[in-house]
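Before any comments, here is the structure.
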Amino acid sequence: MERIRAVLIDIDGVLTVSWKALPGTVEAMERLRSAGLRLALVTNNTSRTRAVIAARLSGLGFPVTAGDVLTAPAATAAYLREHFPGARCLLLNSGDVREDLPGVTLVDGHGTDAEVEVDVIVLGGAGPEFGYEALNRVFRHLQRGARLVSMHRNLYWRTEGGLDLDTGAFLEGLEKASRTEAEVTGKPAPAFFASALAHLGADASETLMVGDDVESDVLAAQRSGITGVLVRTGKYLPETHRAASGTPDHVLDSFADLPGLLASG
């Protein structure tokens, strides 16, 4: 732990659940700040912009600004600008994140399928918008040759009411039905972690990733050379941990325990 100079932190399920701070997490982040560590909040949250996320967290007492937040929509915008410049993109997402999609041409999707020309389907976070009509329209555009880009492929996430289905539950069906494979831009994509390291100006060997998703957060970070820390909060399930494709470098009961782990050397 002596070599750690930077920390990547997931938000949902690690710092908060349903936008309520988990016990001890504010104090833990304050201790990390006081220790001079470089911090970035890396999230697959697709319902709010970076500015809104930072404002919500700051209101809970977390010492963060919009510049500390790296989101899947922002990573998606960069990916689309590089790989599909000028493409007509149909976005299916729960929440308005257009502010974090600069330089991306979005079509509204209204009118008949034949009247709407779509080059790329972009999937964000699941919600009420992911109904049969919307998913079937996406399926038809994929059959016509549209490319499929997804901000993440998380199967579920934790709310105060329990686990809720997320985009991955629908994405796998769309991939199989259309015989295509989505290009994923958020976690666990290696490019997402590379972008986070560049943002902090840190090397993988001196960086630690804290998350509640053993596959997308922790093991994906470890494959990029980042030290992984799994926390037993949020979406954590013992059976998912046991069935994981690898072993986390560290497992903690909560993010509140992270300063102690770092102090242990």
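The values are calculated or read from the model by the stated rules, or taken from the named source; none is laboratory data. Please read all numbers here as calculations on a predicted model, not as lab measurements. All Cβ positions, glycine included, derive from the backbone under ideal geometry; neighbour counts span all protein chains shown.
Taken over the stretch 212-226, the criterion of being small (Gly, Ala, Ser) and either modelled with pLDDT under 95 or surrounded by 19 or more Cβ atoms within 10 Å (Cβ to Cβ) (or both) is satisfied by SER216, ALA220, ALA221, SER224. Within the stretch 1-30, residues that are closer than 16 Å to SER205 by Cα and at pLDDT below 95 reach partners that are surrounded by fewer than 21 Cβ atoms within 10 Å (Cβ to Cβ) and of a type in the set (A, V, I, L, M) with beta carbons closer than 7 Å, at six or more positions or on different chains, in the pairs MET1/LEU261; MET1/LEU262. When SER205 is tested against (1) surrounded by 19 or more Cβ atoms within 10 Å (Cβ to Cβ); (2) in the same structural domain as LEU39 (by the TED database); (3) of a type in the set (Ser, Thr, Tyr), exactly one condition is not met: (1).
Please find, within the stretch 156-201, the residue that is modelled with the lowest pLDDT out of those that are surrounded by fewer than 13 Cβ atoms within 10 Å (Cβ to Cβ) and assigned to a loop (DSSP other than H, G, I, E, B). That would be GLU160. Where strands (runs of 3 or more DSSP E) fall entirely within the stretch 16-123, those with at least 1 residues that are closer than 30 Å to ILE4 by Cα are at 38-43, 69-71.
Looking across the stretch 56-69, the residues that are surrounded by fewer than 23 Cβ atoms within 10 Å (Cβ to Cβ) and touching a strand residue (DSSP E or B) at 6+ places or on another chain (Cβ under 6 Å) come down to LEU60, ASP68.
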